[in-house]
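Report on one structure; see the data block that follows.
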Amino acid sequence: MAVFSYKDKTYRINSQGFLLNPDDWDNDFAEGTAPRVKLPHGLTEEHWKVLYFIRETFQKMKECPLVYVACRRNEIGLGDLQRLFPTGYLRGACKLAGITYAEASFQRQWLEENIELHEHDYEQKVYRINAQGFLIDPSEWDEYFAIHKAYEMKMPEYLTKKHWQIIYFLRQIFEKTGVIPTVYETCETNQIEIEELEKLFPDGYHRGAIKIAGLSVR
């Protein structure tokens, strides 16, 4: 656990700068965190509108609204969202709103029920992949790629907190070392058995977890 101080207030955050307890959030946390998510000039009315929507939805539903819902309800496109939150929806908007990755889990059921609503947005989103469906450049990866790759692979359930734990672990290790951890390292570090990993990624470690994480073994 780490701490973050702003205007004589102290907030408990995790190693990625996310607020540990969403109930500790207030406007000062968002203001103080803004420079950390590439918003050195502070938050505008447009920013606050999105942040308040995320907060209100979380307080009512106990989960973070999907990026598609946030865009639609606030009448903005993905381009507008990128302009407002250059580090991304999760790592920008949700972080400022005091919501962690755990609360921001994406629901597969929502994707299935609303596929027509967000297909248009993704007509403008292009990922370069090879013949096997692996992302060619790992730096182009984002959470949207993972969600849609999982959907494309017809995974039996939405990406849960445990899925994201594995995905982020793979990416963090690769970004630090340039090497993809072995399945043994992944299981040991994340304290799961191989059987649990199989249930999480039924297509396999390389063709499932690593592919969704935007990596590939060459």
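Screening ILE54 with (1) open to solvent by less than 10 Å² (accessible area, probe 1.4 Å); (2) more than 22 Å from PHE145 (Cα to Cα) gives one miss only, at (2). Taking the criterion of being more than 19 Å from LYS125 (Cβ to Cβ), touching a Phe, Trp or Tyr at 6+ places or on another chain (Cβ under 7 Å) and modelled with pLDDT of 85 or more, the only residue of segment 56-83 that qualifies is ARG73.
The rows are residues; the columns are (1) touching a Cys at 6+ places or on another chain (Cβ under 9 Å); (2) among the aromatic types (Phe, Trp, Tyr).
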| residue | (1), (2) |
| --- | --- |
| LYS9 | no, no |
| PRO22 | no, no |
| PHE29 | no, yes |
| LYS49 | no, no |
| ILE54 | yes, no |
| ILE76 | no, no |
| PRO86 | no, no |
| ARG91 | no, no |
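Scanning segment 66-85 for residues that are without any contact (Cβ under 8 Å) to a residue 40 or more places away in the chain and either more than 17 Å from GLU46 (Cα to Cα) or touching a Pro at 6+ places or on another chain (Cβ under 7 Å) (or both) yields no hits at all. Of the residues that sit in segment 26-55 and are under 19 Å from the mean Cα position of the chain (by Cα) and not aliphatic (A, V, I, L, M), which one is nearest to GLY77 (Cα to Cα)? Here the residue is HIS47. The number of residues in segment 123-148 being open to solvent by less than 50 Å² (accessible area, probe 1.4 Å) and closer than 19 Å to PRO181 by Cβ comes to 5. Listed by first and then second residue, the pairs linking a residue in segment 155-182 that is farther than 18 Å from LEU90 by Cα to a residue that is among the basic types (Lys, Arg) and open to solvent by less than 80 Å² (accessible area, probe 1.4 Å), with Cβ atoms under 8 Å apart and 6 or more places separating them unless they lie on different chains, are MET155/ARG108; GLU157/ARG108.
Note on segment 10-25: residues that are exposed (fewer than 13 other Cβ atoms within 10 Å of the Cβ) and acidic (Asp, Glu) total 1.
The values are calculated or read from the model by the stated rules, or taken from the named source; none is laboratory data. On a predicted model such as this, the values are computed, not experimentally measured, just so you know. Note: ideal-geometry Cβ built from the backbone for every residue, glycine included; neighbour counts use all protein chains shown. SASA here: full protein model, heavy atoms, side chains in, ligands and nucleic acids out. Shrake-Rupley method; radii C 1.70, N 1.55, O 1.52, S 1.80 Å.
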